[in-house]
Each structure stands twice: as C-alpha cells, then as structure tokens.
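The values are calculated or read from the model by the stated rules, or taken from the named source; none is laboratory data. This structure is a prediction, so every number in the text was calculated from the model and none was measured. Please note: Cβ atoms are built from the backbone with ideal geometry, for glycine as well, and neighbour counts cover all protein chains shown. Note: areas computed on protein heavy atoms with side chains; ligands, DNA, RNA excluded. Shrake-Rupley method; radii C 1.70, N 1.55, O 1.52, S 1.80 Å.
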Amino acid sequence: MTDESDEFETGASDAAETARPDADSRAAADEAVAHEAAGDAEPADPTSDSETAGAEPTDGAGADADADAEDSTESAVDDAEDAENAEDAVPEDVQKYARFKKVDGAQYDRVNDFLRERTYVTAREWAIARLCADFRTETGVEMTKIGNNLPELVPFMTDTYTPQAVNQARSAFRDKVRKSGATFLYGAMSGFFTAEELDEMMYEVTEIAKFLLEVEGVDLSVEEELEAEERISSVMREVREASTDLRKEELSDEE
C-alpha cells in the first residue's frame, strides 16, 4: 500500500508541474487553457487522493473493529446475564444437593448397564427413588421440583421429567424391590440354600448395596459396615431357622 501511494503521488506531481502555466511566455488568453488543465489535474492531487486512498480504508477498518468489539462485549454480557438468570431459577436446595457427585461425568448407559447386571432396577428408577426420599415434605414428595431440575440433581440424567414420569419411576422402583425381596426371602426360607450359601450370598449383595450408597455420597466407616453386615446376617439366620422349624412342624402334622 505504501509503494502504490508513493507512485501515485509522484505521477500526480508530474501532472501538476506539466499543467502549471508559464507567466512569461503565455498571453492572458492562455490562462483559461492553463486553468482547465490545472482543473483536470486536481483529482490527482497527492494531498487529496493519497489521503483518500490511505485514510478512508483505515477509518473503515477501525470502525468495523470497534463494532465487532462492541458486539462481542454485548454478547458476553448477555451470556453472563443468561447464566445468572438460569442459576437464579434453580432452587437453592437443588443447587446445594450433593448426591451422585462421585459419578459426575458418567453417562447414563454406563450407570444403567452396571445396575442391570447386579439389580433389577434401572439407573432412572434408582436416581428418582433417591430424590423422592430426599425431597419429601410434610405434604408429600416434590415431584415437580425433581422433574424440572433432574439434570442439575443427577449428573447422568440429561432430560427433565414431568411429575407423572417421576411418580411412575418411583412406583416401578418400589414394585421391583418388593418382588426382589419376596424372591430372596422365598429362596432363604425354602431350604434350597445351606446356611453357608446364604452367608456368601448376603455378603455379595451387601457389597453391591454399600457401593450404591457410596455413589450416592454416604460415607460408611468400617465399623458401620461390619455392624450392618452382622445385623443382616443375624436376621437371615433367624429367618432360616424359623423356616426350618416351620417345615418340620408341617411334616409332623402330615404324618
């Protein structure tokens, strides 16, 4: 741009010098011709055209840059306001909810596969059952709050739910726990398993249950774990002994 401007200024100076009238050799009548020639040379004036060629694009680029910077600033302000408004829209107890932080970033399918391999419930049913227990008031479960803020409450949930969908998931969880409990107790009371086999089974299922509690954010000490295992094992031994006595009584009555 500098070379072209210099070349343009040199050519303009030569044209102006050629068009300048000679006062000693020309008559007054030639002044009109000289004036016309000088008028033709005016557009090539280095003062006007070089400044126009160089200054105007620079001013335009600066104006565009200022406009872009202003738009960017306004956009950033709008984004910040939107984020602040969105945060204000989330209830305070939802913002402070600290469950499921240990699976932050985990995908739903991965959590769901883990549960389906070890339990009868899905990740959706598990998460919503926990939320229904935590967001219970004197008048009932806050299903609307749970459904509207589900992605904020549980990291691996990405969609909001209607209150009806929340209630359906909770009901499905209860039904599956009830059926699973009946199945397990029947197996324990039926005599299909020995006392040692029941102890091994109880150890396995207790480890899975403790893991799910830890994922929810419950920190169990070693003493608490041992106490829970002993209480469960004690109950199961009583169940087995009671079922054995019951079967013996039935056999005696038949004889």
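Among the listed residues 192, 184, 173, identify the single one that is in contact (Cβ under 8 Å) with a residue 24 or more places away in the chain and hydrophobic (A, V, I, L, M, F, W, C).
Values: 192 fails: in contact (Cβ under 8 Å) with a residue 24 or more places away in the chain; 184 fails: in contact (Cβ under 8 Å) with a residue 24 or more places away in the chain.
On inspection, the qualifying residue turns out to be 173.
Looking only at region 111-145, filter to residues that are of a type in the set (Lys, Arg) and in contact (Cβ under 8 Å) with a residue 24 or more places away in the chain; which one of those is nearest to residue 162 (Cα to Cα)? Full working, then the answer.
Filtering region 111-145 down to residues of a type in the set (Lys, Arg) leaves 116, 118, 124, 130, 136, 145.
Keeping just the survivors that are in contact (Cβ under 8 Å) with a residue 24 or more places away in the chain gives 118, 124, 130, 145.
Details: 118: 28, 124: 13, 130: 17, 145: 9 Å.
Looking at residues that are of a type in the set (Lys, Arg) and in contact (Cβ under 8 Å) with a residue 24 or more places away in the chain, I get 145.
For region 169-197, the set of residues classified as open to solvent by 70 Å² or more (accessible area, probe 1.4 Å), among the hydrophobic types (A, V, I, L, M, F, W, C) and part of a helix (DSSP H, G or I) consists of 177, 185, 189, listed by residue number.
Each row is one residue, and each column tells you yes or no for (1) open to solvent by less than 60 Å² (accessible area, probe 1.4 Å); (2) under 24 Å from residue 115 (Cβ atoms); (3) touching an Asp or Glu at 6+ places or on another chain (Cβ under 8 Å).
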residue: 199; (1), (2), (3): no, no, no
residue: 211; (1), (2), (3): no, yes, no
residue: 215; (1), (2), (3): yes, yes, no
residue: 225; (1), (2), (3): yes, yes, no
residue: 233; (1), (2), (3): yes, no, yes
residue: 237; (1), (2), (3): no, no, no
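The set of residues in region 157-168 that are crowded, with 16+ Cβ neighbours inside 10 Å and in contact (Cβ under 8 Å) with a residue 40 or more places away in the chain contains only 157. Against the conditions (1) part of a helix (DSSP H, G or I); (2) within 17 Å of residue 217 (Cα to Cα), residue 105 satisfies every one except (1).
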